[in-house]
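To start, the structure itself, in structure tokens.
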Amino acid sequence: MNFIEMITNAGGGHLLANAPALVVAIPLIAGAVAVVLGHGKLAWVWSVLIALVTFGFSLILLQSVLGGETITYAMGNWPAPLGITYHIDALNALLISLVSAMALLALLYGWPMVEREIDPKKHAMFFGTFLLCVGGLIGVAIAGDAFNVFVFLEVSSISTYVLVAMGAQKNRQALTASFNYLILGTIGATFFVIGVGLLYMATGTLNMADISRILADSEGNRVVRAAFAFIVIGLGLKTAMFPLHTWLPNAYTFSPSMIGVFLASTATKVAFYILIRFLFSVFHAGASFETAMFDFVLAPMAMVAMIVCSVQASFQSDVRRLLAYSSVAQVGYMLLGLSLGTAAGLAAGLLHMFNHALMKGALFMAVGLAGLGLGITRVNELRGLGKTMPLVAAGLTVAGLSLIGVPLTAGFISKYYLVIAVLERGWWWAVVAIVVSSVLAIFYVGRMIEAMYLQNPPTPSAAHESDPPIQVRSPVLSMAALYVLVIGSVWFFFDPSLPKGLADTAAGLLIGGGGL
Amino acid sequence: MVDFIVGHFNYWVIITLMMTGLYVIISTGNLVKKLVGLGVFQTSVFQLYITLSKVAGGRPPIFDKLPGYGTETKYGAAVDPLLGVIYSNPLPHVLILTAIVVGVSTLAVGLALVVRIREAYGSIEGDDIDEAEYKIEIASS
């Protein structure tokens, strides 16, 4: 950890002490600076630099909460109930590291795609908006104040709408996808803010720890229950909880390649985190209205998502839309883990969130590279990719196997823990749903693998059938980013101790004293 | 009963606006009208916050140099133990200023998207756009 010590010593302790504020402030301010930088490549270099610094700070935070400690950072030294606090524990340190790491990888991966897909005049704006989105997502994860969560949620969402719409140069459907996302996302955020308002009405405070403390004494009155309903629906929209997921497939399909990678691995994860934070820390998991919601809404909807969206994924002809539907199904796994209401279930859900970010990021990267090299957007166009782009095809295959949950990949670990947690609760029918969904995953991942390895590449009209296929090279940096994620999704099978340890610690905190 | 209805006048207005806004978003195919509906929906939330900031019998939360101007209570209202001056809660106003800014920026992004959609599809009616997209899907598969 030489790097961390170096940063810490350089700032004489101030940087370390203010890391919670800096991890949000740096990307937000740098986003504004990036717009001024004008020249495209310069803005990219700047963004990579900022993402690296942000990642460094997130590692500092992660390191200081590894043992289950919590940090409460008072903004401007105003104490908790009046001032705004940032709250860091094992749960959101994992999230913050994930977001900043994915931002860095997406940026390293993305330059060739951005160069091709985005008008050079808009490069600076594009990277500026991207940094705003990163800052917003980290802000959602770190804020300990319910209204701040709303503001950061909107900072990240509005920049996401813009980023998705930037895909319009490639395909005009990006515009309508972005518009639908904007309408549904805003409804979701507004529902959330209604819920926060009702909570403020009932408790007189916006500090999440304070709300939790006041609500602990009671089963909650009608205002609290209404607040609960509004918040769950609002965040459900942002998490793409079935059946509130309709914005997601098109937004992922038509966004620029780099944004697809980043969104698929972070956006719904952060929303999922804040849902957990509200369900377990702010409200109390033991309250009767909450357990009823888990058993009768969340668990059934999670299983419907796992099966229905996997079926939908199997019938998609567009590769990225296939992956997007699979994302909704995977959100189902996470929500199923959460809906068990046990520490084991929650930990399994969190672990799956982490693993899914790795594999879905890798899949979108591989598909983006195939699109860059050969203009591929459809499953049947993948044919022969094993010969024309062997490394990309190998990455796609490994990440795809992880998505199915094949042993020797990280996806197996999280599904394994999920099945154990489900069985502990005695929900054998949920195990059936997991198995059915995994079998369906074999179909849709299998379609891609079959096309890549068992079919011959299309032959150019001039060439002969017997000519060896022409190999297409990919940009080195993009390949490196892809393989970081691919190796990650194998590595965390053999040594899942880091994410598993954090998930267990976080689940323990949440199920035990609420974690705030 | 009458007291209940009259006493909650603000809430009836809020609920009406909220449902009107949501209904407009769902029922209309016109993208600009959808954004109008979204605006009405968000405005109802602003009013919810403003309503809950009112403390019964409270003065506007402006310090007017009365001797001893109050201490904080649990519910955020300032009550002076000696003079009994009650102030309304200013915090929700500040929160809603932020939410208004968020709402305006969402509307701006939304309208910008509508302009771009009009350029790309030649229409802002949901049905026309759906038809155009359906044709793209058919043509490419």
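The values are calculated or read from the model by the stated rules, or taken from the named source; none is laboratory data. Just so you know, these numbers come straight off a predicted model, no measurement behind them. Note that each Cβ is placed from the backbone with ideal geometry, even for glycine, and that neighbours are counted across all protein chains shown.
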Hits in the range A:121-151 (condition: part of a helix (DSSP H, G or I), among the aliphatic types (A, V, I, L, M) and out of contact with any Leu (no Cβ under 6 Å at 6 or more places or on another chain)) = A:Met125, A:Leu131, A:Leu132, A:Val134, A:Leu137, A:Ile138, A:Ile142, A:Val149, A:Val151
Considering the range A:121-166, residues that are more than 13 Å from every other protein chain (Cβ to nearest Cβ) and β-branched (Val, Ile, Thr), and then whichever is farthest from A:Gly31 (Cα to Cα), we arrive at A:Ile142
Counting only residues that are among the β-branched types (Val, Ile, Thr) and crowded, with 16+ Cβ neighbours inside 10 Å, how many does the range B:1-27 have?
-> 3
Would you check if B:Leu97 is crowded, with 16+ Cβ neighbours inside 10 Å and modelled with pLDDT of 85 or more?
-> no
Residue tally, condition among the polar types (S, T, N, Q) and more than 7 Å from chain B (Cβ to nearest Cβ), over the range A:181-206 = 2
Please tell me if B:Val85 is under 30 Å from A:Gly83 (Cα atoms) and modelled with pLDDT of 90 or more.
-> no
Any residue at all in the range B:52-68 that is modelled with pLDDT of 80 or more, crowded, with 16+ Cβ neighbours inside 10 Å and of a type outside the set (A, V, I, L, M)?
-> yes
Qualifying residue in the range A:30-39 (condition: at pLDDT 85 or above and closer than 30 Å to A:Ala503 by Cβ) | no
Looking for whichever is of a type in the set (Ser, Thr, Tyr) and closer than 25 Å to A:Val436 by Cα here; the options are A:Ser317, A:Ser288. Which one fits?
-> A:Ser317
Which residue, of A:Ala209, A:Ala227, is more than 10 Å from every other protein chain (Cβ to nearest Cβ), surrounded by fewer than 24 Cβ atoms within 10 Å (Cβ to Cβ) and among the small types (Gly, Ala, Ser)?
-> A:Ala209
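Can you tell me which residue is nearest to A:Trp247 (Cα to Cα) among those in the range A:167-180 that are of a type outside the set (A, V, I, L, M, F, W, C) and within 10 Å of chain B (Cβ to nearest Cβ)?
The extreme case among them is A:Asn180.
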Got at least one residue in the range A:237-254 being part of a loop (DSSP other than H, G, I, E, B), within 27 Å of B:Val104 (Cα to Cα), over 23 Å from the mean Cα position of the chain (by Cα) and not basic (Lys, Arg)?
-> no
Quick check: anything in the range A:81-101 of a type in the set (D, E, K, R) and under 20 Å from the mean Cα position of the chain (by Cα)?
-> yes
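Let's see how each residue does on (1) more than 24 Å from A:Ser64 (Cα to Cα); (2) surrounded by 24 or more Cβ atoms within 10 Å (Cβ to Cβ):
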position	(1), (2)
A:Gly83	no, no
A:Ala93	no, yes
A:Ala101	no, no
A:Leu107	yes, yes
A:Gly110	yes, yes
A:Lys121	yes, no
A:Met125	yes, no
A:Ile138	no, yes
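The rows are residues; the columns are (1) out of contact with any strand residue (DSSP E or B) (no Cβ under 9 Å at 6 or more places or on another chain); (2) crowded, with 24+ Cβ neighbours inside 10 Å; (3) more than 14 Å from every other protein chain (Cβ to nearest Cβ); (4) part of a helix (DSSP H, G or I).
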{"residue": "A:Ile376", "(1), (2), (3), (4)": "yes, no, no, no"}
{"residue": "A:Glu381", "(1), (2), (3), (4)": "yes, no, no, yes"}
{"residue": "A:Lys387", "(1), (2), (3), (4)": "yes, no, yes, yes"}
{"residue": "A:Gly400", "(1), (2), (3), (4)": "yes, yes, yes, yes"}
{"residue": "A:Gly411", "(1), (2), (3), (4)": "yes, yes, yes, yes"}
Selected residue (only one of B:Leu31, B:Leu48 is within 12 Å of chain A (Cβ to nearest Cβ), within 19 Å of B:Asp127 (Cα to Cα) and of a type outside the set (S, T, N, Q)) = B:Leu31
Looking only at residues in the range B:109-131 that are of a type in the set (A, V, I, L, M, F, W, C) and facing another protein chain (nearest Cβ under 9 Å), which one is surrounded by the most Cβ atoms within 10 Å (Cβ to Cβ)?
-> B:Leu113
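Conditions (1) over 17 Å from the mean Cα position of the chain (by Cα); (2) part of a helix (DSSP H, G or I); (3) more than 19 Å from A:Leu440 (Cα to Cα); (4) modelled with pLDDT of 90 or more, marked per residue:
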position: A:Ala324; (1), (2), (3), (4): no, yes, no, yes
position: A:Gly332; (1), (2), (3), (4): no, yes, no, yes
position: A:Gly361; (1), (2), (3), (4): no, yes, yes, yes
position: A:Ala393; (1), (2), (3), (4): yes, yes, yes, no
